[in-house]
Structures are given as structure tokens and as C-alpha cells.
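Heads up, the thing below is written out as C-alpha cells.
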Amino acid sequence: MPPDSAPPPVSLLPHASLNFLNTMGVAAKADFMATAGSVAELQALLKWWRAEHRQSASPPPILPLGGGSNLILAADFAGLVIRIGIHGRELVREDEDFVWLRVGAGENWHQLVEHCLQAGYCGLENLALIPGNVGAAPIQNIGAYGVELQQVFAELSALEISSGVEVTFDRDACHFGYRDSIFKQGLQGRYIITSVTLKLAKKPRLVCEYPALQQYFEDHGSKAEHPEQIFAAVCAIRRSKLPDPSEVPNAGSFFQNPVVDRAAYEELKGRYPGLVGYPLDDGARVKLAAGWLIDHAGWRGYRLGPVGVHDKQALVLINPGRGSGRDVLELAARIQTDIQARYGVKLVIEPSVVGS
Ligand code: EPU
């Protein structure tokens with residue numbers, strides 16, 4: 001920063017540690033870090049950063065940071081990390097059947113799920129206990145136990161990083177797919193999400209077809225009749241299988257479930273009768289359970305120095321020894337190579353990898 005430059009609009013921390021800001025528990029630093037508590041602060045910060053680097057042909061990058069639960073830091077970040085501290089929930093519209101709730105990107109996702117349940121707004125109960133903040137939810141179209149964010153999504157607001165202009169994206173504009181959106185594709189790194197508006201039902205419509213949920217209610221000799229029961233079941237299932245990041249560092253599912261065509265699925269099923277796959281609506285493709293593939297290949301519980309594969313869910317890589325991002329990616333690469341060789345299936349890493 002030149003000595004005669006304007007002061008930043010919010011306090012700026014140089015050489016900031018990111019060690020406790022990513023749930024994978026990786027040690028890394030950012031050249032600068034700041035927190036934006038409002039859209040106006042974020043706009044001012046982006047404007048200031050642009051002005052500071054006006055002369056530079058390639059200005060240093062900006063990384064918006066929410067809960068850090070879907071992020072693998074492969075190296076230190078030579079740019080500005082902006083923590084999104086935009087809070088608030090606002091009922092923006094209501095009719096006989098639905099409410100439209102606008103939520104600040106910095107709100108914690110699970111606390112929002114609890115709030116909605118208490119308020120009688122239905123639709124988020126299957127998405128309980130997903131770590132991270134609201135602003136990150138549309139980027140990968142979070143999903144669990146038969147529900148994806150896109151089913152309750154109305155629109156979002158985002159700032160274009162290069163101009164600071166606020167833009168609204170409706171559901172079509174987001175191009176949602178399985179763990180995917182336009183913010184992971186064509187618009188990757190170009191916008192910072194500031195709020196998300198959800199359309200939630202006043203009358204419950206329970207989704208309980210997911211096999212693990214059905215199994216849970218069967219085991220408990222009960223039937224799901226209220227959203228609270230789904231919420232409790234999802235919390236119980238997640239707690240039994242998925243490590244709590246505050247105890248064992250992890251980033252949730254490390255790979256996406258791969259989609260293959262039906263012929264490839266039939267061929268694999270012939271070789272491995274236990275293979276788990278979910279036919280997609282188009283009838284031509286099947287989504288394979290990557291956890292099953294990795295588990296069946298013998299990786300569950302495996303350790304490679306400080307990192308490893310969770311012993312109750314092989315799709316989750318863990319970092320109990322607080323290894324580096326490179327350690328995590330080395331283990332991931334070994335698993336990818338093995339799965340490709342055994343089953344001819346390519347595993348794609350699900351969290352964002354930054355700095356590789
Ligand atoms: N399986 C095994 N061994 C394992 C893990 C799984 O055999 O080690 C089998 C299970 O028995 C089951 C199947 O694989 O038959 C699927 O397992 P599970 O129900 O645990 O779900 P998943 O497909 O592994 C996905 C999401 C999770 C989400 C659950 C529930 C992805 C990448 N992951 O996992 O999302 O919670 O379904 O809906 O789609 C996340 O994204 O971080 C995440 C945790």
C-alpha cells in the first residue's frame with residue numbers, strides 16, 4: 001500500500017491468520033483481512049481496494065469468507081479476505097401459503113433453520129446442522145436428506161466485485177444443479193452474495209423419502225408427522241455419521257457424488273452388487289454414492305500423517321493432526337487415483353480449493 005493512500009473504510013488486518021476461520025483446520029495466512037458488517041461497508045471496501053490497485057495490471061484477488069466450511073486453503077492467500085458480517089432476517093412478503101424471508105449472508109445457517117422451525121416456516125428442516133453461513137448456501141446449492149436449497153430459494157442479492165454494483169439473481173439466473181450454481185461456473189469469483197430470500201411454506205410438506213430418514217423412523221417405530229420430527233431425525237443421523245468440525249476438523253463431504261450413465265452403472269452393479277446408486281429424473285443417468293465407492297475400496301478410517309478418512313463416513317476427509325492444505329489434497333489425490341483405477345469413475349472435489 002503506498003504511504004499516501006486513503007485510509008481503508010473498515011479496519012484492515014495485515015498478515016491475518018486464517019487458521020481458525022476454515023473448518024478443515026488448515027494453517028494459512030491472508031495478506032489482508034477485513035470484516036464488512038453491512039452492504040454499504042462492503043461497497044466502500046471494494047471501492048477502496050479498487051482505488052488502491054488502480055495502477056496494477058492484475059490487482060490482488062478478493063476472497064469472501066463466510067463460515068469457512070466449504071473451503072480448502074492450499075496456500076497462503078495473497079490478497080484481501082473479506083469476512084461477511086451482514087446480519088438480519090426480514091419478512092419481506094407473505095400470502096396465505098408462503099412467507100418470503102430475506103436473510104443476511106453472514107447469518108449462521110443452522111440457527112436460521114432453528115428460527116424458521118420455531119416461527120412455523122417450513123422447508124428447511126431437512127437441511128439442519130449444515131455448517132456454514134447463509135451466503136454460501138446458494139453457491140453450492142446445499143442439499144441433504146432429499147431437499148436442496150433451490151426448492152426454497154426465491155432470489156439473492158450480490159455485489160459485483162469489479163464495480164460494487166448490487167444485482168438481484170432469481171432462481172433461473174442462478175443455474176442451480178447438484179452441488180452447483182452459476183457462482184461456481186461462469187460467475188466464479190465475480191460476485192459477493194449479501195442476502196438470500198427464501199420462500200417458505202406455512203403448511204408443512206414433509207420430505208421423508210431419503211433412505212436414511214426412512215430407516216431412522218422405522219428403527220424408532222414412528223412416523224414423521226411434523227417438521228420438528230424431521231429436524232430431530234436429521235440432527236441425530238448427522239451427529240451419528242458426520243464429525244463435528246469444532247472437534248475434528250473437516251469440510252463435510254469432500255467429493256461430489258459422481259453421475260454416470262445407466263450403462264456404466266449396470267456394468268458396475270454387475271461387478272459390485274452392493275453398489276449404491278440413485279437414478280436421476282432423466283432416467284438415463286445414475287448418481288453413485290461416492291462414500292460407498294471409497295468405503296468399499298478400503299479407505300474408511302485410513303490415515304496419512306495428520307489427515308485421514310472419517311471412520312463413520314468415507315466421503316468425509318478429516319484433519320485431526322492439523323495438517324496443511326497440501327496434506328489434505330495429497331490424500332484426496334490418492335483416493336481419486338484409486339477410485340478411477342478400480343471403478344473407472346472420476347471423483348470431483350466438492351469444497352472450493354483456494355491457492356493451488
Ligand atoms: N456409504 C457407505 N460407506 C460410507 C459412506 C456411505 O457405504 O462410508 C453408503 C451409505 O450406506 C448410503 C450411501 O453410501 O447407502 C449414501 O450415504 P449417505 O446417506 O451418508 O450420503 P452421501 O451420499 O454420502 C450426501 C451429501 C451429504 C448429505 C447426505 C444426506 C454429497 C456430496 N453429500 O452424502 O452432504 O448430508 O447425502 O443427504 O452429496 C455435504 O455436502 O457436506 C454433505 C455432508
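Given a 1.4 Å probe and every protein chain left where it sits, what share in percent of the accessible area of the range 1-150 is carbon and sulfur?
Details: 3410 of 6540 Å².
Exposed carbon and sulfur together represent 52 percent of the surface.
Would you mind checking K29/K312; K184/K312; K269/K312; K312/K346; K29/K241 for any pair whose Cα atoms are more than 25 angstrom apart? Walk me through the intermediate numbers first.
Details: K29/K312 31 Å; K184/K312 29 Å; K269/K312 23 Å; K312/K346 22 Å; K29/K241 31 Å.
Going by Cα-Cα distance, K29/K312; K184/K312; K29/K241 fall outside the 25 Å limit.
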Exposure of T35 as accessible area (Å², to 10), given a probe of 1.4 Å and all protein chains: 70 Å²
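Report the far tail of the P(r) of the range 243-354, meaning the percent of Cα-Cα pairs longer than 25 Å.
Details: 1389 of 6216 pairs.
Cα-Cα pairs in the range 243-354 separated by more than 25 Å: 22 percent.
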Relative contact order (%) - the chain, alpha-carbon pairs under 8 angstrom, separation at least six: 17 percent
The chain: angle of helix 109-119 to the longest principal axis, Cα-based, in degrees nearest 10: 70 degrees
Separation between Cα centres of the range 91-137 and the range 239-295, rounded to whole Å: 27 Å
Solvent-accessible area, 1.4 Å probe, carbon plus sulfur percent, for the range 270-309: 53 percent
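Let's see if you can work this out: charge +1 on each Lys and Arg Cβ, -1 on each Asp and Glu Cβ, no other charges. What is the dipole magnitude of the chain about its Cα centre, in debye to the nearest 20?
Details: 33 positive and 38 negative charges, 155 e Å.
With only Lys, Arg, Asp and Glu charged at Cβ, the dipole is about 740 debye.
Using alpha carbons only, what's the Rg to Rh ratio of the range 13-84 with Rh from Kirkwood? Write down the numbers at each step before the final one.
On the way: Rg = 12.4 Å, Rh = 12.7 Å.
Looking at the range 13-84, the ratio lands at 0.98.
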Hz values of 3J(HN,Hα) by residue in the range 46-57 - Karplus curve (6.51, -1.76, 1.60), Gly and Pro given as x: 4, 5, 4, 4, 4, 5, 4, 10, 4, 7, 7, 5
Average accessible area per residue (Å²) across the chain - probe 1.4 Å, nucleic acids and ligands excluded: 47 Å²
For the range 89-201, with +1 on Lys and Arg beta carbons and -1 on Asp and Glu, the positive-most of L200, L101, G135 along the dipole: G135
Placed amide H near F153: partners under 5 Å, 5+ positions off or other chain: K199
Over the range 89-201, relative contact order from alpha-carbon pairs under 8 Å, at least 6 apart, %: 32 percent
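Over all directions, what mean area does the Cα convex hull of the chain project, stated in square nanometres?
Details: hull surface 76.4 nm².
Convex hull of Cα atoms, orientation-averaged projection: 19.1 nm².
When the helix-only estimate is applied to the chain (DSSP H runs of n ≥ 4, each -39,500 (n - 2.57), divided by the residue count), what is the mean residue ellipticity at 222 nm, nearest 500 deg cm²/dmol? Write out the running numbers ahead of the final one.
Working: 8 runs with 89 residues, N = 356.
Value at 222 nm, helices only: -7500 deg cm²/dmol.
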Relative contact order %, the range 257-327, counting alpha carbon pairs below 8 Å whose residues are six or more apart: 22 percent
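Would you work out the charge dipole size for the range 13-84 about its Cα centre, treating the Cβ of every Lys and Arg as +1 and the Cβ of every Asp and Glu as -1, and quote it to the nearest 20 debye?
Working: 5 positive and 4 negative charges, 26 e Å.
Computed about the Cα centre, the dipole is about 120 debye.
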Of G68, G79, G25, farthest towards positive along the dipole that unit charges on Lys, Arg, Asp, Glu beta carbons give the range 13-84: G79
Eligible lysines near K202 by straight Cα distance, threshold 27 Å, same-chain separation 8 or greater: K223
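The values are calculated or read from the model by the stated rules, or taken from the named source; none is laboratory data. From a predicted model like this one, the values you see are computed outputs, not experimental measurements. Don't worry about glycine lacking a Cβ; one is built from the backbone with ideal geometry, like all the others, and counts go over all protein chains shown. Accessible surface areas use protein heavy atoms only, side chains included; no ligands, DNA or RNA. Shrake-Rupley method; radii C 1.70, N 1.55, O 1.52, S 1.80 Å.
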